[in-house]
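Comments concern the structure below.
The values are calculated or read from the model by the stated rules, or taken from the named source; none is laboratory data. Note that this is a predicted model, so its numbers are computed, not measured. So basically every Cβ, Gly included, is an ideal-geometry build from the backbone, and we count neighbours across all protein chains shown. For accessibility, only protein heavy atoms count, side chains too; no ligands or nucleic acids. Shrake-Rupley method; radii C 1.70, N 1.55, O 1.52, S 1.80 Å.
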Amino acid sequence: MAARSLACGFGRIPGILQGRGGPRGWRLRGVSALLRAAHGPRGSAPAGAAQYASYPTLSEQAARQPAAFWGPLARDTLVWDTPYHTVLDCDLNSGKLGWFLGGQLNVSVNCLDQHVQKSPESIALIWERDEPGTEVRITYRELLETTCRLANTLKRHGVHRGDRVAIYMSVSPLAVAAMLACARIGAVHTVIFAGFSAQSLAGRINDAKCKVVITFNQVLRGGRVVELKKIVDEAVKLCPTVQHVLVAHRTDNKVHMGHLDIPLEQEMAKEDPVCAPESMGSEDMLFLLYTSGSTGMPKGLVHTQAGYLLYSAVTHRLVFDYRPGDVFGCVADIGWITGHSYVVYGPLCNGATSVLFESTPVYPDAGRYWETVQRLKINQFYGAPTAFRLLLKYGDSWVRKYDRSSLRTLGSVGEPINREAWEWLHNVVGDRRCTLVDTWWQTETGGICIAPRPSEEGAEILPAMAMRPFFGIVLALMDEKGKVMEGGNVSGALCISQAWPGIARTIYGDHQRFMEAYFKAYPGYYFTGDGAYRTEEGYYQITGRMDDVINISGHRLGTAEVEDAMASHPAVPETAVIGYPHSIKGEVPFAFVVLKDDTGDSDVVIRELRSNVATKIAKYAVPDHILVVKRLPKTRSGKVMRRLLRKIVTGKAEDLGDTTTLEDPSIIMEILSAYQKHRDKGASGQ
Ligand code: 7RM
């Protein structure tokens with residue numbers, strides 16, 4: 001491997017990788033190296049250039065000359081087999097998205113081999129297992145060997161370059177090795193969150209036409225056993241493309257092994273710990289990740305090799321102030337994009353020690369995160385507002401009990417962070433001395449797009465604001481007519497007007513849907529689906545989704561998916577689902593259902609509806625409120641007006657806005673009184 005990895009002859013930039021420095025130093029060093037990288041070969045500063053550039057200067061450069069900015073950065077950050085000849089070839093009007101064309105590389109070489117060459121015994125992963133105090137450390141050498149054995153096992157079972165592999169596992173070194181093993185042989189992984197039901201799993205496996213599924217016999221979560229293999233058994237009955245199920249062991253319990261099943265560790269033991277990496281084109285597929293949209297089934301977003309890896313690595317380094325030797329703790333599950341970019345690819349590409357958090361924030365008690373921070377000496381802690389909101393209710397003593405002096409950066413992601421949670425994180429967890437980065441991004445963006453850092457030196461961070469765009473992210477706010485809004489103190493639809501390396505390239509098997517979902521509303525722009533507010537100073541604050549996607553504890557869910565799951569019930573001709581505010585989860589689904597006239601006991605139907613949603617999607621998708629109504633508010637053309645339903649349940653019925661398109665205005669009173677009865681009963685929908 002040594003010869004191969006170094007063959008391309010591009011050096012690293014010491015300024016970024018080794019930049020330690022005090023509170024003033026690091027960012028200057030970091031950005032100066034970036035500037036050098038963006039100016040010329042091998043990190044040499046052009047004659048007369050300043051030693052460093054400010055955030056606005058670099059930001060402007062990245063926006064005006066993306067090729068000059070990203071090209072040298074890609075060359076110097078990644079290990080290439082063959083250098084690219086074209087930095088980018090993108091057109092948001094036509095959906096053409098190509099980065100680092102002509103280049104060839106292997107993502108697992110970038111995440112493993114290059115570090116093994118330099119320091120094989122440095123720690124790649126600390127697996128914080130569900131059982132507290134039983135963490136396991138895995139070196140880069142060990143992770144490479146495990147990855148190669150798994151890659152060889154996949155090859156022996158017929159997985160070739162381009163084939164899709166489903167990974168249905170809990171957060172664990174083996175799951176990371178499974179992702180990297182796919183990358184090594186050029187297979188495409190699709191990780192499916194272990195909380196999804198058998199039917200959801202089957203839907204994704206079938207859409208991706210996966211050949212192999214990798215899973216565990218059972219997994220542990222918050223001290224409880226989850227029968228993962230049983231769920232896979234149920235799913236693969238519906239999946240004609242699956243040829244093998246590789247079953248690893250997380251517990252000592254035996255599970256039934258059928259004709260598709262292969263014991264993974266046993267097979268891996270027979271394989272060579274060395275596996276030659278496939279040389280992949282920059283734009284070959286790296287992975288698919290399913291995410292909910294406003295209509296239809298979840299979409300399999302496609303991320304490719306070089307651009308994704310570069311973007312996750314650079315954002316990991318600069319947004320979190322990651323420095324060599326740091327222990328990076330992102331507690332997201334690998335089933336979500338945050339786990340892909342900031343547990344696996346970004347940190348490992350940067351040679352970091354990445355924490356794999358298998359447990360929950362409240363197991364065995366509400367001190368779990370901070371006890372873990374103390375024990376593992378975590379330097380950056382990255383989590384979700386829903387967990388912070390939950391923990392702050394338990395009181396500060398659970399935090400103060402533990403030594404958090406190792407922490408330098410705190411990060412938040414997944415949903416808007418309210419002021420109370422922001423201040424608790426900053427004042428209590430971070431003792432007012434940590435940088436708090438509220439980071440906005442999406443499955444589609446591949447990595448962080450809006451965050452308070454990097455920024456110009458000394459810039460303050462304001463509570464509950466995602467702040468400013470990352471280098472190369474050019475934001476635009478659109479008004480209702482689709483016109484770009486200029487200046488400050490404006491709210492509009494959040495769009496990005498220029499391609500960046502981390503953007504998803506398509507929806508698997510449905511490029512037309514990709515174009516319609518993201519590029520149709522505002523031609524020439526990527527539409528995020530979110531709304532945002534821009535202050536006079538140019539800071540951005542995310543106001544929330546503008547479409548029919550809701551966010552439950554940071555999990556994205558399309559209201560249409562819940563509606564489809566409920567509408568499959570024979571007694572239910574129609575439903576409408578909206579997001580309803582919840583103090584911890586952010587939002588929960590609120591369902592309005594119409595029942596057939598001859599329906600008997602509606603309580604029975606409601607129970608069945610709940611169980612339908614749990615089996616068709618996942619438990620978290622089950623509506624907290626189910627309200628039976630006679631009919632739904634519709635426009636004359638027959639569209640359900642969810643906007644009105646949202647106003648009614650959030651107590652804004654006196655300000656319904658334009659109701660002229662409503663087919664029958666008397667419906668408002670009808671629904672309002674049904675809702676008031678429901679509320680007065682204190683019903684949670686039972
Ligand atoms: C990373 C991730 C994406 C959606 C996005 C937003 C919401 C994410 C923030 C946020 C306000 C944030 N990917 N969102 N981060 N809203 N502030 N810092 O979450 O694809 O699962 O979800 O999440 O609505 O569109 S995701």
### Query
Can you list the HN-Hα couplings for region 61-77, worked out from phi with the Karplus curve (6.51, -1.76, 1.60; θ = phi - 60°), rounded to whole Hz and with x for Gly and Pro?
5, 5, 6, 7, 10, x, 5, 5, 7, 7, x, x, 5, 5, 4, 8, 8
### Message
Please compute the per residue accessible area over the chain with all protein chains in place, 1.4 Å probe, rounded to a whole number of Å².
### Response
38
### Query
Relative contact order for region 501-655: what is it in percent, counting Cα pairs under 8 Å that are at least 6 residues apart?
16
#### Entry: Amide H contacts under 5 Å for Arg221, placed H, 5+ residues apart
Val226
### Task
Treat every Asp and Glu Cβ in the chain as -1 and every Lys and Arg Cβ as +1, leave all other atoms uncharged, and give the resulting dipole magnitude about the Cα centre to the nearest 20 debye.
860
### Query
Based on the mean of other beta carbon atoms within 10 Å per residue, what is the order of 101-112, 122-133, most packed first?
101-112, 122-133
### Query
Of the heavy-atom accessible surface of region 209-338 (probe 1.4 angstrom), what whole percent is carbon and sulfur?
55
### Message
As I understand it, the value is the acute angle between the Cα axis of helix 173-185 and the longest principal axis of the Cα atoms of the chain; what does it come to in degrees, rounded to 10?
### Response
70
#### Entry: Around His259: net Lys/Arg minus Asp/Glu count, Cβ-Cβ under 15 Å
0
### Query
Can you give the angle from 0 to 90° between the axis of helix 667-680 and the longest principal axis of the chain, with both taken from C-alpha atoms, to the nearest 10?
80
### Message
I need the trypsin sites (Lys or Arg not before Pro) found in region 461-568, filtered to DSSP loop residues with at most 16 other beta carbons within 10 Å of theirs.
### Response
Lys481, Lys483, Lys520
#### Entry: Tilt relative to the chain, helix 385-394 - C-alpha long axis, 0 to 90 degrees, to 10
80
### Query
Ordered by residue, what ³J(HN,Hα) values in Hz, to whole numbers, does region 108-113 give under the Karplus form 6.51 cos²θ - 1.76 cosθ + 1.60, where θ = phi - 60° and Gly and Pro are x?
5, 5, 5, 8, 10, 3
### Task
Go from 0 up to the bin containing the longest alpha carbon distance in region 443-526, width 10 Å each, and give me the % of pairs per bin.
15, 42, 33, 9, 1
### Query
What residues have an amide H closer than 5 Å to that of Arg468, excluding those fewer than 5 places away on the same chain, when H is modeled at 1.01 Å from N in the peptide plane?
Ala451, Tyr540
### Query
Starting at 0 and stepping by 10 Å, how many percent of the alpha carbon pairs of region 77-136 end up in each bin?
18, 27, 25, 18, 12, 1
### Task
Before anything else, pin down the relative contact order of the chain: Cα pairs under 8 Å, at least 6 apart, normalised by residue count, whole percent.
11
### Message
How charged is the neighbourhood of Ser197? Take every other residue with its Cβ under 10 Å from the Cβ of Ser197, and add Lys/Arg as +1 and Asp/Glu as -1.
### Response
+1
### Query
Which trypsin sites (Lys or Arg not before Pro) in region 130-186 pass both tests, a DSSP loop state and at most 16 other beta-carbon atoms within 10 Å?
Arg161
### Message
Under the rule a/c < 1.5 gives rounded, and otherwise a/b versus b/c splits prolate from oblate, where does region 76-221 land using the Cα gyration tensor?
### Response
oblate
### Task
Using DSSP to define loop residues, name the trypsin sites (Lys or Arg not before Pro) in region 601-649 whose beta-carbon has at most 15 other beta-carbon atoms within 10 Å.
Lys630, Arg631, Arg636, Lys639
#### Entry: Total charge dipole magnitude, region 565-637, about the Cα centre, Cβ charges on Lys, Arg, Asp, Glu only, Debye to nearest 20
260
### Message
Apply the Karplus curve 6.51 cos²θ - 1.76 cosθ + 1.60, θ = phi - 60°, to the phi angles in region 364-369 and return the couplings in whole Hz, x for Gly and Pro.
### Response
x, 8, 6, x, 3, 4
### Task
Under 12 Å from the Cβ of Glu227, count the other residues' Cβ atoms, weight Lys and Arg +1, Asp and Glu -1, and hand me the total.
+3
#### Entry: Apportionment of accessible area to carbon and sulfur, region 64-118, percent (1.4 Å)
48
### Query
Could you give the radius of gyration (one decimal) and Dmax (whole number) of the Cα atoms in region 481-607, in Å?
18.9, 60
